[in-house]
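Heads up: the structure comes next, in structure tokens.
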2 protein chains.
Amino acid sequence: MAGENLELDERKIKILDAIIRNYLETGEPVGSRTISKYTDLHLSSATIRNEMSDLEELGYILQPHTSAGRIPSDRGYRFYVDHLMREKDREVTQMKEFVIEKTQKMEGMLKQVAKLLASNTNYATLVSAPSYNTNRIKFIQLSNVDSEHILAVIVMNGNLVKNRMIDVKETPDNETLLRLNLLLNSALNGLSVQEINLGTIAKLKEQAGSHITIVNDVLDALAETISAADDLQIYTSGATNILKYPELTSSGSATNLLSAFEEKEELFDLVTSSLSDAGDETGIQVYIGNESPIQTMKDCSVVTATYDLGEGVKGTIGIVGPKRMDYENVVDNLRNLKSQLDGIFGKPADEEGA
Amino acid sequence: MAGENLELDERKIKILDAIIRNYLETGEPVGSRTISKYTDLHLSSATIRNEMSDLEELGYILQPHTSAGRIPSDRGYRFYVDHLMREKDREVTQMKEFVIEKTQKMEGMLKQVAKLLASNTNYATLVSAPSYNTNRIKFIQLSNVDSEHILAVIVMNGNLVKNRMIDVKETPDNETLLRLNLLLNSALNGLSVQEINLGTIAKLKEQAGSHITIVNDVLDALAETISAADDLQIYTSGATNILKYPELTSSGSATNLLSAFEEKEELFDLVTSSLSDAGDETGIQVYIGNESPIQTMKDCSVVTATYDLGEGVKGTIGIVGPKRMDYENVVDNLRNLKSQLDGIFGKPADEEGA
DNA sequence: TATTAGCACTCCAGTTAAACGAGTGCTAAC
DNA sequence: GTTAGCACTCGTTTAACTGGAGTGCTAATA
């Protein structure tokens with residue numbers, strides 16, 4: 001565990017650890033007498049009191065009011081997460097079988113993941129669908145559907161499919177359509193959407209001749225494919241777990257949290273910022289209180305994991321709960337799920353356009 | 001308003017009406033003295049008390065406890081909704097512009113509708129996407145995507161598009177693909193999914209020759225298109241409004257309601273049963289307390305409207321709130337929105353496969 | 001006969017006061 | 001440096017009290 005520390009000696013650390021662990025369990029302020037018995041230090045409550053007084057001065061714990069026990073401060077939690085938390089002996093869970101084999105579709109699977117996580121942890125969970133931003137165009141096809149509509153089908157790497165109905169005044173004949181298909185595919189194939197620049201577009205339009213409008217529509221559809229807000233799906237579960245924690249309901253932030261989980265807009269911010277924060281090498285990130293990217297969550301803790309399917313295809317799994325959440329369990333669960341998801345996409349199953 | 005009634009004379013009806021209206025406003029049990037002043041009957045509180053006693057015996061109102069005022073019973077609400085409720089002078093709202101013009105996409109529009117309704121009423125709302133069950137196949141197209149995948153695109157009436165990736169061992173050449181496309185289109189075009197019977201399938205497979213597996217996959221995709229649970233999308237908004245009503249939070253049903261709105265599974269039942277209940281000619285249905293199709297909602301009232309885009313394409317808009325909800329306002333809002341939606345689909349805009 | 005005034009009674013909601021107890025800080029002794 | 005002891009603080013719980021809104025009943029009234 002924690003090695004030498006500038007301001008905390010061995011004993012203080014042990015006491016801090018005991019306080020936090022106890023508080024995580026009970027949710028009640030913990031007093032000196034409790035610690036005196038709980039630890040193997042064999043110190044009297046009076047001694048503990050002195051140490052606690054020091055710890056408070058250092059900002060690791062605080063008193064809700066005079067003559068109450070101590071609770072961890074944000075700084076205390078941070079120290080705990082960084083140095084004190086033990087990794088769980090991971091029991092190899094049967095998640096894989098349960099979650100992944102059973103559902104072929106991305107959407108269903110992610111919903112399952114959120115649900116499973118929520119029931120495992122008793123916190124609110126969210127899972128974002130992978131974002132395909134840096135993905136490349138694999139295939140484009142235009143077809144006549146009826147006299148007024150052309151259907152454009154765009155397949156991206158990873159087999160994400162996007163459809164776009166295009167209104168036309170007159171139906172192009174099959175030959176023209178074939179030519180356009182050839183044109184589009186040869187011009188755009190293999191490009192990521194970012195790589196389609198003005199030059200490409202100009203050339204394309206030049207060659208399209210009288211069918212510029214169709215080409216324009218296809219380009220629009222491509223643009224839409226990356227417009228993140230439109231594409232990014234977020235699945236949530238267990239939001240009502242929030243109501244289980246009095247420190248959230250009484251502080252009044254519960255309602256805001258719940259509607260954030262319903263409307264999901266704020267969750268986008270959470271997901272994107274968690275995707276950009278690198279996290280440590282494990283890809284797991286812990287936000288405590290005000291560290292959270294979202295103001296709404298300043299009274300709770302957020303733990304996120306970023307899963308990476310390769311080729312820049314990434315997504316986020318997150319857990320939102322009270323500051324006194326069971327970090328060990330949560331982190332373990334996330335690490336576990338992450339590793340499962342990281343592996344999946346060797347063989348991309350069939351998915352559907354959002 | 002209500003004409004003659006077997007057990008209720010004019011005066012009793014007036015009193016009942018006054019009690020319910022007052023209770024809807026305040027949420028507090030209403031006493032005899034209040035009514036004595038509130039109405040233009042000019043009766044003393046004592047007289048009112050006698051009448052109230054009668055009304056209670058008849059089951060229209062009840063006392064939360066001795067020496068409290070009266071509140072409407074389910075039966076009372078029912079009578080109110082059926083006979084007493086006045087229709088609002090509809091101010092022509094600018095909903096259409098706001099909601100409908102601004103968003104081209106079905107999904108976005110329905111989300112907007114839910115949101116608007118929630119903010120208008122302060123209750124929890126849900127909107128189901130139109131179900132295309134009786135819809136017909138318009139167009140099918142298979143294309144080679146890469147060496148291991150064929151993409152099947154299916155367009156239904158109303159321009160609902162469904163994609164399906166099909167794994168293949170070896171790529172069919174273009175000629176074969178063309179033949180299959182022709183085959184599928186001529187065999188299935190214009191059929192609703194229910195109409196595809198064993199005969200059709202057998203004939204199709206016979207003609208498919210060595211490419212049965214592909215045909216099978218296409219048929220699977222078709223089956224999926226109608227599998228309702230998979231297809232039916234529900235958008236919700238304002239679920240947290242539930243927390244505003246003490247009668248729901250204290251009875252403990254709020255949590256269940258909230259998670260019903262989050263998980264949405266129960267809402268499917270609500271939507272389907274509201275779709276099958278014809279409702280009166282207006283297409284609007286009011287469920288009070290136990291009348292609700294869902295047990296979770298037995299402590300509240302549910303008002304639903306069914307919108308009909310024609311061709312069997314239907315959807316539901318619903319509102320969930322306390323029994324003392326503002327029925328007049330709610331019904332008016334629903335009727336309004338319904339009429340807007342009913343009109344929309346003259347020109348089906350572009351949509352995307354689920 | 002229908003209505004009203006008056007009164008005793010009920011019961012909830014809100015307030016106050018007291019008792020409790022968990023916990024601290026400090027001091028003095030070990 | 002550690003501990004025992006004690007006075008003090010402060011939130012929580014319990015109990016008792018009060019006010020008020022509302023009812024039901026009875027007797028008087030129009």
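The values are calculated or read from the model by the stated rules, or taken from the named source; none is laboratory data. This is a predicted model, so every value here is computed, not measured. Cβ placement follows ideal geometry from the backbone for every residue including glycine, while neighbour counts extend to all protein chains displayed.
Here are the numbers for this structure:
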| item | result |
| --- | --- |
| In the range B:1-39, the residues that are modelled with pLDDT under 90 and either within 11 Å of DNA strand C (Cβ to nearest atom) or not polar (S, T, N, Q) (or both) | B:M1, B:A2, B:G3, B:E4, B:L6, B:E7, B:Y38 |
| Matching residues in the range B:5-16 - criterion: being within 15 Å of DNA strand D (Cβ to nearest atom) and either surrounded by fewer than 18 Cβ atoms within 10 Å (Cβ to Cβ) or in contact (Cβ under 8 Å) with a residue 60 or more places away in the chain (or both) | B:K12, B:L16 |
| Any chance A:R49 is touching a Ser or Thr at 6+ places or on another chain (Cβ under 6 Å) and near DNA strand C (Cβ under 9 Å from one of its atoms) | yes |
| Test set (1) of a type in the set (A, V, I, L, M, F, W, C); (2) within 14 Å of chain A (Cβ to nearest Cβ); (3) over 29 Å from A:I166 (Cα atoms) - B:I214 fails condition number | (3) |
| From the options B:R78, B:R70, residue that is away from DNA strand C (no atom under 16 Å from the Cβ) and under 23 Å from B:E247 (Cα atoms) | B:R78 |
| Enumeration of residues in the range A:280-297 that are closer than 10 Å to A:K323 by Cβ and surrounded by fewer than 19 Cβ atoms within 10 Å (Cβ to Cβ) | A:G289 |
| Count of the range A:180-201 residues which are surrounded by fewer than 16 Cβ atoms within 10 Å (Cβ to Cβ) and modelled with pLDDT under 90 | 10 |
| Selection count, the range B:195-222, where residues are touching a residue at least 24 places away in the same chain (Cβ under 8 Å) and within 14 Å of B:I140 (Cα to Cα) | 7 |
| In the range B:236-276, the residues that are within 11 Å of chain A (Cβ to nearest Cβ), within 11 Å of B:S128 (Cβ to Cβ) and crowded, with 20+ Cβ neighbours inside 10 Å | B:T236 |
| Search result, residues across the range B:140-185 that are touching a residue at least 40 places away in the same chain (Cβ under 8 Å), within 7 Å of another protein chain (Cβ to nearest Cβ) and in a strand (DSSP E or B) | B:Q141, B:V161, B:N163, B:R164 |
| Any chance B:Y132 is at pLDDT below 80 and within 24 Å of the chain's Cα centre (by Cα) | yes |
| Enumeration of residues in the range B:294-309 that are of a type outside the set (A, V, I, L, M), within 12 Å of the chain's Cα centre (by Cα) and at pLDDT 95 or above | B:T304 |
| Conditions (1) aliphatic (A, V, I, L, M); (2) at pLDDT 80 or above; (3) assigned by TED's automatic domain parsing to the domain that holds A:E291; (4) surrounded by fewer than 19 Cβ atoms within 10 Å (Cβ to Cβ): number failed by A:I100 | (2) |
| Residue match in the range B:217-226 (condition: surrounded by 12 or more Cβ atoms within 10 Å (Cβ to Cβ), part of a helix (DSSP H, G or I), more than 27 Å from the chain's Cα centre (by Cα) and away from chain A (no Cβ under 13 Å)) | yes |
